[in-house]
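Trainee: Let me begin by handing over the structure; questions about it come next.
The values are calculated or read from the model by the stated rules, or taken from the named source; none is laboratory data. Nothing here was measured: the structure is a model prediction, and the numbers come from that model. Cβ sites come from the backbone with ideal geometry, for glycine too, and all protein chains shown count toward neighbours. Quick note on the areas: whole protein, heavy atoms, side chains included, nothing else; ligands and nucleic acids left out. Shrake-Rupley method; radii C 1.70, N 1.55, O 1.52, S 1.80 Å.
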Amino acid sequence: MFNFLKKKESSKLQQIDIISKTASLLIHAAKIDENYTNNEKIIIEKTLVELGTNKEKLNELMKHAEKNEKNSNQILDFTKAIKASENSFKVTLVESLWKIIYSDMSSDMYEDNLMRRLTGLLYLDKKMVGDIKEKIKKDLTK
């Protein structure tokens with residue numbers, strides 16, 4: 001019985017770590033063009049709630065993630081925990097990343113490079129990432 005409880009607690013801590021790393025990665029994407037806007041922050045917060053974050057803990061999570069992003073010097077710190085996640089989690093992440101990138105109606109070379117690197121690091125299908133990108137661009141022009 002004790003081992004079961006220990007595994008369940010470990011799984012919960014792993015989930016919290018994945019959400020924290022996801023938040024840091026989303027913040028990194030928002031800051032990569034050196035223009036972290038309130039609109040981008042809203043996209044990040046909506047994504048975190050969609051992924052299961054408790055609304056009461058959202059501000060605390062955002063502060064922690066912003067600090068982690070600031071103190072990290074590479075995206076590998078964030079992607080290690082995320083790459084083993086379910087595909088549906090990764091799809092939600094990619095959608096949010098493209099929403100953040102296109103929140104100013106354009107993408108620059110740093111944002112495009114980030115998405116290319118993340119595609120490989122997270123073992124994502126290039127076509128899926130491209131399809132999501134086109135869908136987000138199309139939705140923004142409506």
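Trainee: Out of 140, 124, 114, I need the residue that is hydrophobic (A, V, I, L, M, F, W, C) and touching a Phe, Trp or Tyr at 6+ places or on another chain (Cβ under 6 Å). Which one?
Mentor: Just one listed residue meets the conditions, 140.
Trainee: Further, regarding this structure: Under 6 Å between Cβ atoms, at least 6 apart or on separate chains: pull out the pairs that start in region 67-81 with a residue that is more than 16 Å from residue 117 (Cα to Cα) and of a type outside the set (Val, Ile, Thr) and end on any residue that is open to solvent by less than 70 Å² (accessible area, probe 1.4 Å) and part of a helix (DSSP H, G or I).
Mentor: Listed pairs, sorted by first residue: 68/24; 69/24; 69/27; 69/28.
Trainee: Further question: Out of 16, 43, I need the residue that is open to solvent by 90 Å² or more (accessible area, probe 1.4 Å) and part of a helix (DSSP H, G or I). Which one?
Mentor: Details: 43 fails: open to solvent by 90 Å² or more (accessible area, probe 1.4 Å).
Exactly one residue qualifies, and that residue is 16.
Trainee: Within region 48-142, which helices (runs of 4 or more DSSP H) (wholly inside it) include 3 or more residues that are open to solvent by less than 60 Å² (accessible area, probe 1.4 Å) and modelled with pLDDT of 95 or more?
Mentor: Per the criteria, 58-71, 87-101, 109-121, 126-140.
Trainee: Look at residue 33 and say whether it is assigned to a helix (DSSP H, G or I) and of a type in the set (D, E, K, R).
Mentor: So residue 33 does not fit the description; no.
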